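K.L.:
Questions regarding the structure given below will be posed in turn.
The values are calculated or read from the model by the stated rules, or taken from the named source; none is laboratory data. What you are looking at is a predicted structure, and each value in this text was computed from that prediction instead of being measured. Note: ideal-geometry Cβ built from the backbone for every residue, glycine included; neighbour counts use all protein chains shown. Quick note on the areas: whole protein, heavy atoms, side chains included, nothing else; ligands and nucleic acids left out. Shrake-Rupley method; radii C 1.70, N 1.55, O 1.52, S 1.80 Å.
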Amino acid sequence: MSARSDERKRLAEKGFLAGLEGGDIDEVLKAARRIECEAGKAVMREGDSGDAMYLLAAGEVEVTKNLTLKLGLRDFARADKSMTRITAERAPVFGEMALLATEPRSATVTAATPCVLYEIESGAFKAICEGNPRLGAELLRRIARILSARVRKGNEEILKLSTALSIALSR
């Protein structure tokens, strides 16, 4: 089995494309651009504009956010905080917000190992949605589920941090 057929199989069995019909998977992958990325290379940077989402077909990426840290009474510094490491084994997707809104990237994603990505630009995504409304609606539902899960997780993290801050301030 070739590397590309392994990638297609992984993407078809897990993650964002799992459960789609074979022709639909082919349509999405045909609209995508295959990218080989070296370890250490930034796929996208927090704060940059972007108009594409990525399917991770092989390798691992690290997601980081820029934090402001207090160093003294008046000194502050910026530092990257590693949020998570994503592997292709789960065939994840990232950058999906850029297909729905023209906001700056919310995190930096860097290849932790050599990676293979499938980049779907907003124009290609729009063409899929207009050319195959059934598939477009399904892809939008999947993006909505991803974003909903991330909002829910963020809400849980805010609650944990608020509780910890409240306890710390009450001492």
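K.L.:
Using only DSSP helix segments of four residues or longer, with each worth -39500 (n - 2.57), what per-residue ellipticity at 222 nm results for the chain after dividing by its residue count and rounding to 500? Present the calculation step by step, with values, prior to reporting the outcome.
P.N.:
Working: 4 runs with 68 residues, N = 171.
Only helices count here, giving -13500 deg cm²/dmol.
K.L.:
Given a 1.4 angstrom probe, I'd like the percentage of the accessible area of the chain that is carbon and sulfur, rounded to a whole number.
P.N.:
In the chain, the share of accessible area belonging to carbon and sulfur is 53 percent.
K.L.:
Determine, for the chain, the count of lysine pairs separated by eight or more sequence positions (or lying on different chains) whose alpha-carbon distance falls under 30 Å.
P.N.:
Eligible lysine pairs with Cα atoms under 30 Å apart amount to 27.
K.L.:
Okay, next question. Per 0.36 nm of contour for each residue apart, how much would the distance between LYS30 and ALA127 grow if the chain were fully extended, relative to their Cα-Cα spacing?
P.N.:
On the way: separation 97, 0.36 × 97 = 34.92 nm, distance 1.16 nm.
Answer, rounded to one decimal: 33.8 nm.
K.L.:
Could you check how many percent of all C-alpha pairs in the chain are farther apart than 30 Å? Don't skip to the answer; put the middle values down first.
P.N.:
Numbers: 3597 of 14535 pairs.
In whole percent, the long-distance tail amounts to 25.
K.L.:
Take peptides 150-163, 125-138, 41-54 and line them up by average Cβ neighbours within 10 Å, highest first, as a rough protection proxy. Each step should come with its number before you reach the end.
P.N.:
On the way: 150-163: 10.2, 125-138: 14.5, 41-54: 17.4.
Ranking, from highest mean packing down: 41-54, 125-138, 150-163.
K.L.:
At 1.4 Å probe size, with every protein chain present, just tell me what the per residue accessible area of the chain comes to in Å².
P.N.:
Numbers: 10570 Å² over 171 residues.
Result: 62 Å² per residue.
K.L.:
Where in the stretch 7-39 is the amide nitrogen less than 11 Å from a point lying 7 Å along the Cα-to-Cβ axis of ARG145?
P.N.:
15-20
K.L.:
Quick one: dipole size for the chain, taken about the Cα centre, charges +1 on Lys/Arg Cβ and -1 on Asp/Glu Cβ, in debye to the nearest 20. List each step's numbers first, then the result.
P.N.:
Values: 28 positive and 25 negative charges, 143 e Å.
The dipole of the chain has a size of about 680 debye.
K.L.:
Can you check what the net charge comes to around ALA149, using other residues whose Cβ is under 14 Å from the Cβ of ALA149 (Lys, Arg +1; Asp, Glu -1)? Before the final figure, lay out each step's value.
P.N.:
Details: positive: ARG90, ARG141, ARG142, ARG145, ARG150, ARG152, LYS153; negative: GLU96, GLU156, GLU157.
That works out to +4.
K.L.:
List the cysteines of the chain that have no other Cys Cβ closer than 4.7 Å: which are they?
P.N.:
Lone cysteines by the Cβ rule: CYS129.
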